[in-house]
1. Kindly indicate which of B:TYR444, B:TYR459, B:TYR477 is farther than 24 Å from B:THR63 by Cβ, touching a strand residue (DSSP E or B) at 6+ places or on another chain (Cβ under 8 Å) and aromatic (Phe, Trp, Tyr).
2. How many residues are part of a strand (DSSP E or B) and among the basic types (Lys, Arg) when one looks only at segment B:136-165?
3. Could you tell me how many of the residues in segment A:181-234 are among the polar types (S, T, N, Q) and either farther than 30 Å from A:VAL406 by Cβ or in contact with a Ser or Thr (Cβ under 8 Å, 6 or more places away or on another chain) (or both)?
4. Going through B:ALA441, B:ALA430, B:ALA486, B:ALA409 one at a time, which residue ends up being away from every other protein chain (no Cβ under 14 Å), hydrophobic (A, V, I, L, M, F, W, C), touching a Leu at 6+ places or on another chain (Cβ under 8 Å) and touching a residue at least 60 places away in the same chain (Cβ under 8 Å)?
5. Name, by its number, the condition in (1) at pLDDT 95 or above; (2) basic (Lys, Arg); (3) within 27 Å of B:MET299 (Cα to Cα); (4) over 16 Å from the mean Cα position of the chain (by Cα) that does not hold for B:LYS197.
6. Would you please name the residue that is nearest to A:ASP339 (Cα to Cα), looking only at residues in segment A:166-186 that are of a type in the set (A, V, I, L, M) and in a loop (DSSP other than H, G, I, E, B)?
7. What number of residues within segment B:460-485 are part of a helix (DSSP H, G or I), surrounded by fewer than 24 Cβ atoms within 10 Å (Cβ to Cβ) and not polar (S, T, N, Q)?
8. Residues in segment B:344-384 that are among the hydrophobic types (A, V, I, L, M, F, W, C), open to solvent by less than 50 Å² (accessible area, probe 1.4 Å), over 22 Å from the mean Cα position of the chain (by Cα) and over 17 Å from B:VAL170 (Cα atoms): how many?
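The values are calculated or read from the model by the stated rules, or taken from the named source; none is laboratory data. Note that this is a predicted model, so its numbers are computed, not measured. Here the Cβ positions follow ideal geometry from the backbone for every residue, glycine too, while neighbour counts run over all protein chains shown. Note: accessible area is taken over every heavy atom of the protein model, side chains too, but ligands, DNA and RNA are not part of it. Shrake-Rupley method; radii C 1.70, N 1.55, O 1.52, S 1.80 Å.
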Protein chains: 2
Amino acid sequence: MKGFYGKILEIDLSAATHRETAIPEEDYRKYLGGSGLAAKIFDERGYGKIPPLADEAPLLIFTGILTGYNIPTACKAAFCGKSPATGIWAEAIVGGYWPAAFRTSGYDGIIITGKADKPVYLCFGEGEFTVKDASALWGGDVFATVDKLQAEHGEKAKVAAIGPAGENEVLIAAIMIDGQDARAAGRCGLGALMGSKNLKAIVTVKSDKLPPLHDKEGLAEARKKVLPIIREKAKGLSDFGTAGGVVVVEKLGDLPIRNWAGGSWTEGAAKVSGQAMAEKYFVKHYACFACPIRCGKEMKVPLGPHSGTISHGPEYETIAGFGAMCLNDDPGYIIAANDLCNRLGIDTISGSAVVAFAMELYEHNLIPSDLLGGLKLEWGSGEAILTLIKQVAYRKGLGEYLARGVKQAAKEFGPLAEEFVVESKGLEFAYHDPRAFTSMAIIYATGNRGACHLEGLTYFTESRAVPGSLFGLPDEYDPHGSEGKALLAKTMQDYMVLFNALGLCKFLNRGHVVPANIAEWVSKVTGWDFDQKELLTAGERIFNLKRKINVKLGISRKDDTLPPRLLVHDRQEGNAAGSLPHLGKMLFEYYNLRGWSLEGIPLPETLERLGLA
Amino acid sequence: MKGFYGKILEIDLSAATHRETAIPEEDYRKYLGGSGLAAKIFDERGYGKIPPLADEAPLLIFTGILTGYNIPTACKAAFCGKSPATGIWAEAIVGGYWPAAFRTSGYDGIIITGKADKPVYLCFGEGEFTVKDASALWGGDVFATVDKLQAEHGEKAKVAAIGPAGENEVLIAAIMIDGQDARAAGRCGLGALMGSKNLKAIVTVKSDKLPPLHDKEGLAEARKKVLPIIREKAKGLSDFGTAGGVVVVEKLGDLPIRNWAGGSWTEGAAKVSGQAMAEKYFVKHYACFACPIRCGKEMKVPLGPHSGTISHGPEYETIAGFGAMCLNDDPGYIIAANDLCNRLGIDTISGSAVVAFAMELYEHNLIPSDLLGGLKLEWGSGEAILTLIKQVAYRKGLGEYLARGVKQAAKEFGPLAEEFVVESKGLEFAYHDPRAFTSMAIIYATGNRGACHLEGLTYFTESRAVPGSLFGLPDEYDPHGSEGKALLAKTMQDYMVLFNALGLCKFLNRGHVVPANIAEWVSKVTGWDFDQKELLTAGERIFNLKRKINVKLGISRKDDTLPPRLLVHDRQEGNAAGSLPHLGKMLFEYYNLRGWSLEGIPLPETLERLGLA
C-alpha cells in the first residue's frame, strides 16, 4: 500500500478506549480518503441515524491520500459527521499546517465517538496517542489554547481546537486550526459536535513519517510542470488573497449586500477590499503547507477588544459577511470581527449571516426590546457586530437564538422573520449570489452540506476566471440565463468533491490545474494506474454517496431549493439587475444529467454504475 | 337602501341566542356583500385569531348584493370563515337555488358562532328564524337529509347541508346545496366547520321578498342587452357543461394526469369527456337560478352503491380528479365517485387529490400494509376510488389521514411523501396546470384561499377563449412564457373576486360579460352612480383585504409558492412539454403591480389608497 497507512484510529471518549481499524485498499481507490472515505464509513455504519449531539455521534477527521506530500496545496483535512445545525451530512475542510502534521500520526483518519467525563484533548506524536486533561484549557479562547498547548508540546505541535462557541454547542461553531494563523473548519457547526464531547483540542506533533510513496521522482517532475502555471494564473490570490476580489465581485452583482437585498455597494466595496486593507493593515503573507499560491495575509487589528495584535486577515467571505451583508464599510471592524470569530471559534460565514439577519429583524421591529437590552442593531454598526459575535459565542441575550443559525433562529421571531432567512438545508449561504451566476442556484440548492459555494465554484467559470474548456465545457455562459448551467454545476461538483477527498485546495482550480494533473499525482503517489476518467468517476461516486446519505435522512427535491429572497427579489440595480434564476428549469436538467429521479433520488442504475448499490 | 337589507343575523348556537346587526351602506358600497362583506366583518372583528374548529369560530354566510334578482347568474352565496384545512381565509361560493331562496330571508348574511349541544338545523322562512332539532338527520347522507327536510318544510324549502364527512370534521368536507341537484360550497373544508357546530343544515323556505330595487326596468333592459352574447359565447358550456372541455384541456397540456406527473392522456380524455358521457348517461340539463348558460347536467349513475339513481353529472374538475389524476378512464366510476362525494359531502377536487396522492404513495410502497388492510390502490382502479371516498368520509383506515388533505396527510408517510403533494397554502390544486398556462402559477401561488383556479380563471384568456381585450389586456400570450402574466393575473383576480361579492357566476366571463355591464347592474339595483372604475377598485380592495387577513395569520412571500412537482417536473410530453413556470420572475413583477413589498405584504400606501388602512 502506497499513499496511505491503510488504517484509522477509533477513539471512544466515553469508554476511554481506542482501537485501530484497517481499511481495504479498494476503499481508498474508490473514495480516495478525506471526506470521500469518511462518507463511505459514515454510510456503511449507518451513523446518520444518531442525533448529531448525542454522546455516541461520531466526529470523523480524515486526511486525503495526497495530504502532507510535496504536492501543490496538499494541506487539507476533512472534518465530517452529522451537522448539529442542519441534521444532514456535514463536512468542513481545512488547510494550514495541522493536517499535514496529522498525516504523520500513522493514521489516515480518526473517528471520535462518546463523551469524555471532563474536558480532554487528544495528543498524537511520535506514533503515540494519548488523551489528556484539558480542564485548564476549557473556557479559553482558541489563541490562548494553542499558545498553552505549544508551550507544553513544543513548536512542532500543531493544534485543532474549539473556542467558547464550540464548548457552548453553538450551532455555527467552527473547529479552528493553528491558532493565530487561523484556518477554520468552519461550516456545519462541527465545533459544537466537538464541544459536545468535552473535546477541546487535537494536538499533533509533526514528525517526518509519511505513508510510503510509489514514485517520488515522478511526482517531483509532475509538480514542477504545474507550478509555474499555478503561480501565473493564481497571481491575484497571491497578491491580495481572496479579499482581492471584493471590488470585482461587487461589479459583477455577485456580492451579497444588506442581507441579500441590495444590488450595489460600490463605494463600500472599494473601502473594504483586500487592496485597501493591505495598504493600511498588511503585515505579511501566509501560505498553507505546500502551497505555491500563498493566499493568506496577516494583518494588524486596529480596534476592538484585541486592538494592536496581529491576526489572520479576513477572507473574501468574511469581508462580504461583516462588510457588505451588514453595510459596514469600516475595514477595521471587519478585521476585528474576523479576529473575534477566530478566537471564539465561530464560522465567519454563518456568523456574519446571523448578524445581518438580526439587523434586518431589528429594522422591522421584530426583536422584543427585553431581548435587545438596549442594543442598537443599526445597519453598518461595527460595535453591534462585535457585541453580537460575543453574544453568540456565549449564548447570551439575542445570541441564544442566533447561535442556532438563521433558519432555527427565525422561528423565534414570528412568521415574517422567515422572509429574511437565506439558507438552504439549514446552512447559511456562502457569499456568491445565484442571481449573478445562475449555476450557483443549482450549487446552493443541491449542495450536500447545504448552501455551499465550494462544492462547485462555478462562478469562476461563469465569470471566465477559469475557462470551462479545462473541463470539457464551454468557455462562455450567459451568467443570468439557464442554458448549460446544469452540466456546468454537475461537472464542477464532481470535480470539486475530489479536492476534499484528496487533501487538495480548490484554488488549484483557479490555478488552472486540470483533472489529468491530479490523476497523475494520484498515480505517482499510489502506484495505481489512475487516469482522469477514474478520477472523475470517483468524484461523481463521492458526490452521489453523500446524496445517498442525505436521502436516507429525508432529503429530496423538496429540499433542493433557495430561499424566496433569492428566487423572487430582483435587486434592480447593479450588474445582476433583472436576473432571477429559473431554478426549476435548471434542476430538471440537472436531475436528468445526474441520473436521479425527478424527486431528486439517485436511480438504482446510477448507484449501480457508481458502485454504490 | 336599495339592493340590500342592511342587516345580518348573528346566531350563537352555544347560547341559543340570535340578534340582528345593522351594516352601514358604506360597507356595501366598498365590499358589495358576499365574500367581500364577509371578509370586511371577519377582519374588523379579528376572527382570524380564533382556531377554526373552536366553538366560538364563526361561519359567515353572505349573499351578494345582486343575488336573487333577475340578473344573469345572480345565484350565488358565499360561505366564509377560517379554514380548518389551511388555517387561513376560507371561502366557498355556491349557486343552485338555495342562495336565491336565502336572499328572501330578510338578511344579507348570517354569522353562526358557538356549538349546539345536540344536532340542530336552522330554518328561515316567512321572516321567521328558528333553530330545530336535527337528531333524526345526523349521520344521514346529504340527499336523504334534503328529502326529509323538504318533506317537512315543503318544496319551496331549499337546503344547505353537510353529510357524514362534515359531521366527522373531515378537513376536505363540503357544504352541499339542493341535495340531488348537488352544487357544492366545496373548498377549504367548511363542511367540517359546520359539523363542528353540530349544525346539520340550513333550510330556507323561499318567499317573494327581496330587498327593494332602484330601477327594475333599467335592469331588465341591461339584462336583455347581454343575454344573447352570453348565450352565444358560452354555448359550449350550455351543451356539455364544464365537462365538455376535457379533450381540449388535455390537448393544451392543461389536464393534470397521474397526480400531475403525466403529460398526455389522449385516449383517456376522449373516454371521459363530457361529450362521451352525454352520449351514454345524459338525462337532462340543469340551470342554477337566473342562469342563461345552463351548464349543469343530470346523469344516470351506472355502477357503484347507488347504481340506477339519477345524479348531478360530474364537472370538469371532478372528471380531471377522478379520471386523469387517478388514470381512471371509466366514466361510470367518475359519475359514481361524484355522486358518492355529493352524498357524503366531500369536495371533489380535494377528494380526488387525496385519492391520487394515495395511489402514488401506494406505487412507492409508502403506506404500511396494516393501514391498507388489503386495499389495492392501483392507478386507474375505480373500486379503489369509491372505497377511499367512503374511508375519508368516515375517517376509517387510510381515510383517517387522507381526511386531513394532502399536505397534512403527507406528514404521516415519511419525507418522500411530501414530493407527491400538490397544494399551495394547504389547499389542493384545482385542475388546471400552471405549466400549460404560466399565469396560473401566480394565481395558485397567491390565491387568498390557497391554490384556487377561480379567483383568476386566467387560462380562459391565455387559451384565447376569453379575449384579454375585454379587460384592457392583450389578446395573445405565450402560454409558456412569463411576459405579461403578472398583469393578467392581477387584473383577473381583482375582477373575479367581484363575482363572489356580488353573487354572480364567473362563467359570465366565459360569456364575455365585461366590467361595464356589471357596474351597470349594480347601479340599477342600488341607485349608486357606480361605474367600472369603482367596481374594479372594489375588486382590488377586496383582494387586498383578504391578503391583509392572511398576512395577520403569518402569510407572506414564503407561502406564495408552488409544490416542487409543478416547478421542476417538465413532463416532456403533451402540449406543455418543455414548459416550467418561472415563478420568481413573475411574482416579482406581480408584487410591484400590486403595491406589495417584496415580502408580499401590502404596503401602507396601497392599503391607504384602497381604504384599508
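1. Details: B:TYR459 fails: touching a strand residue (DSSP E or B) at 6+ places or on another chain (Cβ under 8 Å); B:TYR477 fails: touching a strand residue (DSSP E or B) at 6+ places or on another chain (Cβ under 8 Å).
The conditions single out B:TYR444.
2. Kept after step one, since they are part of a strand (DSSP E or B), are these residues of segment B:136-165: B:157-161.
From what's left, among the basic types (Lys, Arg): B:158.
Number of matching residues: 1.
3. 2
4. Only one candidate passes the filter, namely B:ALA430.
5. It fails just one condition, (3).
6. The selected residue is A:ALA182.
7. 4
8. Adding up the residues that qualify gives 9.
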